[in-house]
Amino acid sequence: MSMDKNDFLKLTANYLKFYNEHYNYEISDNELIDNRSGDRFFKILKDNETEKPLPDLKRISHVHNDDESKIAEDIGLNNITKVWKGSQNLETFSKLIRDCPKCLVLAETRKQIVFGTGNPNADIVIVGEAPGADEDEQGKPFVGRAGKLLTDILKAINFSREEVYICNILKCRPPANRNPLPEEIINCEPYLYKQLEMIKPKMILALGTLAAQTLLRSKETLGKMRGKFHTYNGIKMMVTFHPAALLRNPGWKKPTWEDVQLFRTEYEKMIKQEAI
Ligand code: URA
């Protein structure tokens with residue numbers, strides 16, 4: 001297929017936007033691949049062209065279709081794909097992904113994966129951003145200063161840490177606590193998805209901008225997304241400020257308090273309805 005440069009740039013921009021919104025598309029040097037169906041959408045290069053149009057884009061490493069199995073093997077994904085369906089509970093699943101190699105830098109720098117803790121049959125799942133130093137050290141989410149505040153927030157709405165389930169978008173600590181990279185989120189979100197599939201919570205509370213934007217596939221500000229209910233994969237979800245953000249900006253405590261009250265009220269309503 002031949003294409004003029006403007007068309008190519010426009011298409012590329014559209015694909016990147018689409019890709020960014022849906023996370024299921026892989027852009028290799030000269031084509032776009034749907035990871036679910038294996039469909040190849042178009043070839044950018046003319047047969048006799050050698051220039052690489054997207055030289056800087058890394059391949060996205062979650063790959064499912066068979067003819068990509070060589071790459072999958074190279075990055076250790078075949079193994080993960082194989083065990084994926086076989087995992088029946090959180091414990092076996094956490095062991096199976098313990099040595100996840102998908103994000104090379106994170107795999108090299110982490111002390112351990114921070115899979116999640118709490119009740120495997122929880123009604124409520126709390127989703128944060130990524131482990132920090134304390135979490136990486138202890139292998140448990142939200143055990144540092146922000147974690148203590150989270151514990152207090154939960155207590156204030158009558159939940160204990162033990163009865164809910166607490167985890168993060170990323171299971172590994174980003175070096176020096178930098179923000180998670182888009183590829184890292186793409187690599188790791190399936191693990192959260194699988195966790196939720198096994199826990200089957202009634203509601204999710206997502207903490208902070210990154211968790212909210214990731215789960216809602218949105219670029220909105222936290223201010224726009226908080227204070228109301230959304231759904232993630234059919235599960236009722238609310239987003240509110242991250243406890244670390246509350247430590248920096250106590251002015252956000254009041255809106256957070258309002259959010260979690262609303263969250264608790266909605267939970268009570270659900271429980272009551274189910275009891276009828
Ligand atoms: N911040 C997070 O988002 N998650 C943790 O586990 C700890 C701090």
Kirkwood hydrodynamic radius of region 89-195, from inverse mean 1/r over distinct Cα pairs, in Å: 13.9 Å
Rounded percent of accessible protein surface that carbon and sulfur make up, region 130-251, 1.4 Å probe: 50 percent
Accessible area per residue, Å², region 161-276 with all protein chains present, probe 1.4 Å: 47 Å²
Square roots of 5 times each gyration tensor eigenvalue, C-alpha, region 180-276, largest first, Å: 22, 20, 10
Set LYS171/LYS269; LYS219/LYS254; LYS171/LYS272 screened for pairs whose C-alpha atoms are more than 26 Å apart: LYS171/LYS269; LYS171/LYS272
Per DSSP, loop trypsin sites (Lys or Arg not before Pro) in region 212-246 with at most 11 further Cβ within 10 Å: ARG217, LYS219, LYS228
Residue-by-residue Karplus 3J(HN,Hα) for region 153-158, coefficients 6.51, -1.76, 1.60, Hz, glycine and proline x: 4, 4, 4, 4, 10, 6
Sorted largest first, extent of region 111-256 alpha carbons per principal axis (Å): 35, 33, 32
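The values are calculated or read from the model by the stated rules, or taken from the named source; none is laboratory data. Not measured: the values here are computed from a predicted model. A quick note on method: Cβ atoms are made from the backbone with ideal geometry, for glycine too, and the neighbour counts reach across all protein chains shown. The protein model used for the area step is the full one, side chains on, heavy atoms only, and it has no ligands, DNA or RNA in it. Shrake-Rupley method; radii C 1.70, N 1.55, O 1.52, S 1.80 Å.
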